[in-house]
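Here's the structure we're looking at; comments come further down.
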Amino acid sequence: MGAALLGPGGTAHAGRTDPLHRHGGHGPAELTLIEQVGGRDVTGSVRGGPVEKHRAGILTAGGRDGGTLKRLYCIDIARDTGPGVSYERGEWTTANVPGLGYVAQVLHDYYPATARPSSLETAEEKAAAVQAAIWFFTDDYVVSADDPLQPAVQEIIDAVTAKGPSGERTRGSLTIEGPVRGRPGEIIGPFTLSTQAREAKVTVVDGRLYSDAAATVPLPGGSPVKNGGTFYVRRDGAGSTRVQATASLTTPSGNVFLYAPDDVDDPQPAQAQKLILAEQATLPVTAAKRITFRAPKVAAAELAPPGKPETPPHGPVAKKTAAAPPVPGPEEHRTVPAVQNAGLPLTGASLRGPLLAAAALLLTGGGLVVAARRRRARS
């Protein structure tokens, strides 16, 4: 983007009506762009391209807290932005913009953190020179030799290059630590609040907050909880509960802000330039935690009505009855039935053979006895 509120190449578009400038999204983003303050045209080229005019200067944005306006610079000369475009703070790695360490050093040493470059008189000139120097590091932007601001821009570039890049200065954190699952009607916790701020305001959606584990001290929504403080959550029915904490944290210059469309599936505009915080600011920070409440699973047998057997999913089970004994065949009538606990093998074999053999032995023995008696009588 040639300038913060102009199109690529820095050409002004009278009566412009593209979605970028119709966007009125004021969602839950940290910052919403408002306007460019003053600024002036600078002549130069991007990466050896054609020489064009670019509007350079400070941008202002409003925060969720409705406090003082925040001042930012552009770090993405090829894209547009405009009033109403929403932004969220991001990390340098996410921004994927080259030279941010040098940009952070520029912001530390020059306007609006200081009155430098001292060679320029007005705030608008200083802001324009700083913006042009930032573009040198992020977009290979070179101010034309005949531009009145060129000496001041070159002074900034030379001094920062000699000094070297600065590291990323992140702001304090805000976190909520605690369980993510619970049972309806039970109080769960503790949830611990951690932040560099003195306290944070805690709210809950679809649930209730308590200060104690016994749930005897309700914690009204929006109540302050100190750093390291704890609280508890209850929900009566199954579902999801969202706990949120908000605190005001100091955000150093050099933090980047990235486009945060209201509708990520259909962003309007499709894209917007990346910004960097020009000076330290206090901004509201939000941390959230989602808790899922589910009733415990009940065994199927416990769900069946008292006195009634459970019906299986594939239809009723046929009533089990004792099987009728088989009708014995002619031979099987002579089979000795098995007797439990008799100490005999339950083989079910027929005794016909052993009985006939015994009878034959008896007959044979009897015949021998009779023959012996006859012989004695004859003698």
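One decimal place: the segment residue 215-residue 201 gains 3.1 nm when fully extended, by the rule 0.36 nm per residue minus the C-alpha distance.
I need the calculated FRET efficiency for the pair residue 121 and residue 168, taking r as the beta carbon distance and R₀ as 30 Å, to the nearest 0.05.
Computed FRET efficiency for residue 121 and residue 168: 0.40.
Of the chymotrypsin sites (Phe, Trp or Tyr not before Pro) found in the range 214-285, none is in coil by DSSP with at most 13 other Cβ atoms within 10 Å of its Cβ. When only alpha carbons of the range 84-194 are considered, Rg and Dmax amount to 21.5, 74 Å.
When you count the other C-beta atoms within 10 angstrom of each residue and take the mean per peptide, 262-273, 104-115, 130-141 line up highest first as 130-141, 104-115, 262-273. Looking at the range 174-248, the pairs of alpha carbons with a distance over 22 Å make up 14% of the total. Placing a label point 7 Å from the Cα of residue 295 along the Cα-to-Cβ direction, the residues of the range 172-207 whose backbone N falls under 11 Å from that point are 184.
Every read-out reported here was derived from the displayed coordinates using simple, explicitly stated rules and does not represent laboratory data. Source: prediction; values computed, not measured. Note: ideal-geometry Cβ built from the backbone for every residue, glycine included; neighbour counts use all protein chains shown.
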